[in-house]
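Student: Questions regarding the structure given below will be posed in turn.
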Ligand SMILES: Nc1ncnc2c1ncn2[C@@H]1O[C@H](COP(=O)(O)OP(=O)(O)O)[C@@H](O)[C@H]1O
Ligand SMILES: O=P(O)(O)OC[C@H]1O[C@](O)(COP(=O)(O)O)[C@@H](O)[C@@H]1O
Ligand SMILES: [Mg+2]
């Protein structure tokens, strides 16, 4: 009997390092065998597997994306459901699953665990919005990519004396904006947790300009002005029916230019933040998660997700991992805001 691995939901750098960590430890220490399910829950529902032997995971820790593919398939929709999945697993000789994904994937994993399927979870979120773990892999890489981009925006902004607006990911939480904004010396950081007025943004921009700086405004895609009920969305819905975000930077830039007279340009970093090689930190964290997930399988920790607390890897029940978002606390925002303007 083998262990099946799947990656589900939005991708991020480090997924392959989790797969490698799990397979290596499973083979070396526990004499286990693995298969990979293709494209998240789709592969589980359709019984679409690929081999995961040692040769298949060689050298992949540094590779972005996921060698297994990913999707936003709901395992309960269409022909899916626990009975179909159990049938597939029995036929393929798969005893248990390691599901690597965010809160959506883990919500599905919880329902399947409740139906008797043996699953352990590995948290994935580039936004860093899961509260049951201190950090997840992918976040550090996204912050580094965003910081590099902002360093570049600042030199071109300085040359032209322009205000630069940099839009980063962050649907519900502003961690990428907060960290990349602090790292790059932004003059304003706008996050979903803190509705802000246009007047306040203008004051920060004008204050930076008054000191002779080319203002840099960092905005998370989920940010709302105090006049907005919902985050800006103009790109339809994703596969799970949620509004696709993005474009708030393009809303703010002309308004800043009109109100300050400072020529303003907006740049949306988008999926660049989720692509390419993971940082060393993310590779190490992801590898440790993968190894811990195999420990969880061996110790029958079904319905639990591995998690980072301080520097130790531990595990928490899916239900405790799903309830609350890891929002930017007021104190962290206030600390960053000292640097605004
Ligand atoms: N409560 C749920 N029950 C079953 N499937 C779910 C549930 N919530 C999410 N999913 C499935 O898991 C997929 C992955 O979730 P999503 O939020 O897109 O990514 P992530 O796992 O990265 O958070 C969703 O597209 C959906 O099909
Ligand atoms: O373009 P996609 O794949 O629909 O994903 C976009 C969304 O995924 C995110 O990157 C979140 O990813 P995580 O699930 O990894 O936290 C959001 O910031 C963004 O709204
Ligand atoms: Mg999600």
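The values are calculated or read from the model by the stated rules, or taken from the named source; none is laboratory data. Model, not experiment: these values are computed from the prediction. Using ideal geometry, Cβ is built from the backbone for each residue, glycine included, and neighbour counts are taken over all protein chains shown.
Okay, residues lined up against (1) within 19 Å of residue 201 (Cβ to Cβ); (2) exposed (fewer than 13 other Cβ atoms within 10 Å of the Cβ):
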site	(1), (2)
233	no, no
237	no, yes
245	yes, no
248	yes, no
252	yes, no
265	yes, no
275	no, no
279	no, no
287	no, no
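Student: Just give me the residues in the range 39-91 being touching a strand residue (DSSP E or B) at 6+ places or on another chain (Cβ under 6 Å) and either closer than 20 Å to residue 112 by Cβ or buried (at least 17 other Cβ atoms within 10 Å of the Cβ) (or both), in sequence order. Steps first, please.
Tutor: The initial filter retains those residues of the range 39-91 that are touching a strand residue (DSSP E or B) at 6+ places or on another chain (Cβ under 6 Å), namely 40, 43-44, 49-50, 52, 66, 68, 70.
Listed by number, the residues that qualify are 40, 43, 44, 49, 52, 66, 68, 70.
Student: Still on this model: Tell me yes or no: at least one residue of the range 35-49 is more than 25 Å from the chain's Cα centre (by Cα), away from ligand 1 (no atom under 15 Å from the Cβ), modelled with pLDDT of 95 or more and farther than 29 Å from residue 271 by Cβ.
Tutor: Yes - at least one qualifying residue is present in the range 35-49.
Student: Restricting attention to the range 94-131, and to residues there that are more than 13 Å from ligand 1 (Cβ to nearest atom) and in contact (Cβ under 8 Å) with a residue 40 or more places away in the chain, which single residue is surrounded by the fewest Cβ atoms within 10 Å (Cβ to Cβ)?
Tutor: 95
Student: Scan the range 193-223 for residues that are without any contact (Cβ under 8 Å) to a residue 60 or more places away in the chain, in contact with a strand residue (DSSP E or B) (Cβ under 7 Å, 6 or more places away or on another chain) and surrounded by 24 or more Cβ atoms within 10 Å (Cβ to Cβ) and jot them down.
Tutor: Once the filter is applied, which keeps residues that are without any contact (Cβ under 8 Å) to a residue 60 or more places away in the chain, in contact with a strand residue (DSSP E or B) (Cβ under 7 Å, 6 or more places away or on another chain) and surrounded by 24 or more Cβ atoms within 10 Å (Cβ to Cβ), the range 193-223 yields 201, 205, 215, 217, 219, 220, 221, 223.
Student: I'd like to verify a number: residues in the range 4-18 that are more than 16 Å from ligand 1 (Cβ to nearest atom) and in contact with a helix residue (DSSP H, G or I) (Cβ under 6 Å, 6 or more places away or on another chain), how many?
Tutor: Looking only at that region, the number is 1.
Student: Restricting attention to the range 93-127, which residues are in contact with a helix residue (DSSP H, G or I) (Cβ under 9 Å, 6 or more places away or on another chain), more than 16 Å from ligand 2 (Cβ to nearest atom) and part of a loop (DSSP other than H, G, I, E, B)?
Tutor: 115, 116, 117, 118
Student: Next question. When you check residue 231 against the structure, is it modelled with pLDDT under 95, within 16 Å of ligand 1 (Cβ to nearest atom), assigned to a loop (DSSP other than H, G, I, E, B) and out of contact with any strand residue (DSSP E or B) (no Cβ under 6 Å at 6 or more places or on another chain), yes or no?
Tutor: Spelling it out, it is not the case that residue 231 is modelled with pLDDT under 95, within 16 Å of ligand 1 (Cβ to nearest atom), assigned to a loop (DSSP other than H, G, I, E, B) and out of contact with any strand residue (DSSP E or B) (no Cβ under 6 Å at 6 or more places or on another chain).
Student: Also, I was wondering about something else. If a residue has to be more than 11 Å from ligand 3 (Cβ to nearest atom) and either closer than 16 Å to residue 307 by Cα or at pLDDT below 95 (or both) to count, how many in the range 96-108 make the cut?
Tutor: Selection size over the range 96-108: 3.
Student: Would you be able to say whether some residue in the range 21-37 is under 19 Å from residue 140 (Cα atoms) and either touching a helix residue (DSSP H, G or I) at 6+ places or on another chain (Cβ under 7 Å) or buried (at least 23 other Cβ atoms within 10 Å of the Cβ) (or both)?
Tutor: yes
Student: Do the conditions hold for residue 121, that is, is it within 16 Å of ligand 3 (Cβ to nearest atom) and out of contact with any strand residue (DSSP E or B) (no Cβ under 9 Å at 6 or more places or on another chain)?
Tutor: Against the criterion (within 16 Å of ligand 3 (Cβ to nearest atom) and out of contact with any strand residue (DSSP E or B) (no Cβ under 9 Å at 6 or more places or on another chain)), residue 121 does not qualify.
Student: OK, next. Please pick out the residue among 90, 79 that is at pLDDT below 95 and more than 16 Å from ligand 2 (Cβ to nearest atom). Reasoning before the result, please.
Tutor: On the way: 90 fails: at pLDDT below 95.
That would be 79, the only listed residue that is at pLDDT below 95 and more than 16 Å from ligand 2 (Cβ to nearest atom).
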